[in-house]
Amino acid sequence: MSEREDEQSNPWTQLGDRVWMLRTDPFGLNTGLVVGTDRALVIDTGAGPEQAARILDAVRGLTDLPLCVVNTHSHFDHVFGNAYFAAHGAEDFWATDRCAAVVRESGEEQRVEVGKTEPAMAENRGEHTAIQPANRHVSGSPVDLDLGGISVTLFHLGFGHTDNDLLVGAGNVLFTGDLVEEGADPGFEDSFPAEWIRTLGKITALDDLYDVFVPGHGAPVDVDFVATQLNKMRSAVRVTKVAMDEASVDMTKAIPILPYGPEQSRALLTRLRTLAHWKWLERQGSSN
């Protein structure tokens, strides 16, 4: 059997005892799978029913146990496969309570993001194209899920890539969602960069519990990679804030010296300006 044929017959990468990762296109999503003796946990379901079907087919290549689902955050490429999984037997969908709220509030608006890759999902036509928020919520304290022979911990450490990022720990493996990004720049569009830095710091402090960190996209990494992302982001935020203070007329001059590509450098600049404006409005409101 060739290496390609072997990869097609077993597309999973085993990361630890009973813990696997699957990468599927589009968007290069990393889906996690944790298999207990009683049930299995799927981490992130894809950008629509077509991708979800590929994920579920791969899952069924490893286990026929009942499934539950976790969404690491509210972006379309992590949650739009929920309806497909619900139609195929999954009942419990876990996320932060804020994630569920954001999916309800902005799910329809996010359909445009899959216009080229999942047109039926984008147009809300055909089977399994409903927006389905999580029905089980993490809202403060961590939640431990007993899958039988292995326990999985769901926990929120703070704002970062979004205001609703959830981490999933299983054995020595930590699924980070898009709080950690490998092979591409972090996505800043609706992020909280200053808080993100602090959240990454909390993740690095977990290296006594986990030694494999699975980003939402890209290859699994170690704690040193997470620390490097933290330091790069800290530097980028510092440079951008200085530019905002010293060159308020043309802050785009900061872009060439940021450690990211032009697109995400602009996204970081735009996001920091937006957050600064929100804070200014809050101060104005409190002074009236």
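Numerical summary
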| item | result |
| --- | --- |
| Among 69-81, 265-277, 171-183, the order from most to least packed when residues are scored by Cβ within 10 Å on average | 69-81, 171-183, 265-277 |
| Rounded FRET efficiency, nearest 0.05, which uses the C-beta distance separating Glu127 from Glu91 and R0 of 22 Å | 0.75 |
| Residue-by-residue Karplus 3J(HN,Hα) for the range 138-154, coefficients 6.51, -1.76, 1.60, Hz, glycine and proline x | 9, 9, x, 6, x, 10, 9, 10, 8, 8, x, x, 8, 10, 10, 10, 9 |
| Radius 11 Å from Cβ of Ala120, net charge of other residues (Lys, Arg +1; Asp, Glu -1) | -2 |
| Accessible surface of the range 72-204 [probe 1.4 Å, protein heavy atoms]: carbon and sulfur percent | 47 percent |
| At R0 = 41 Å, FRET efficiency that the Cβ-Cβ distance of Ile257 and Ala205 yields, to 0.05 | 0.90 |
| Estimated distance in nm for a label pair at Ser151 and Leu275, the labels positioned 7 Å out from Cα along Cα-to-Cβ | 3.4 nm |
| Segment Asn135-Lys232, extension gain: residue separation times 0.36 nm, minus the distance between their alpha carbons | 31.3 nm |
| Calculated FRET value between Val112 and Thr37, using beta carbons and R₀ = 35 Å, to 0.05 | 0.25 |
| Reachable aspartates and glutamates, given that their alpha-carbon falls under 20 Å from the alpha-carbon of Lys241 and they are not under 8 places away in the same chain | Asp185, Glu189, Asp190, Glu195, Asp250, Glu263, Glu282 |
| Rounded to 5, percent antiparallel among DSSP beta bridges of the chain | 65 percent |
| Ordering of 209-217, 225-233 by burial proxy (mean other Cβ atoms within 10 Å per residue, highest first) | 209-217, 225-233 |
| Principal axes of the range 124-228: Cα extent on each, largest first, Å | 44, 38, 27 |
| Extension gain from Asp25 to Met244, taking 0.36 nm per residue of separation minus the Cα-Cα distance | 75.1 nm |
| Where the chain is the region considered: accessible area per residue in Å², 1.4 Å probe | 46 Å² |
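The values are calculated or read from the model by the stated rules, or taken from the named source; none is laboratory data. Keep in mind that what you see is a predicted model, and the values were worked out from it rather than measured. Every residue, glycine as well, gets a Cβ built from its backbone with ideal geometry; the counts of neighbours run over all protein chains shown. We work out accessible area using only protein heavy atoms, side chains counted, and drop any ligands, DNA or RNA first. Shrake-Rupley method; radii C 1.70, N 1.55, O 1.52, S 1.80 Å.
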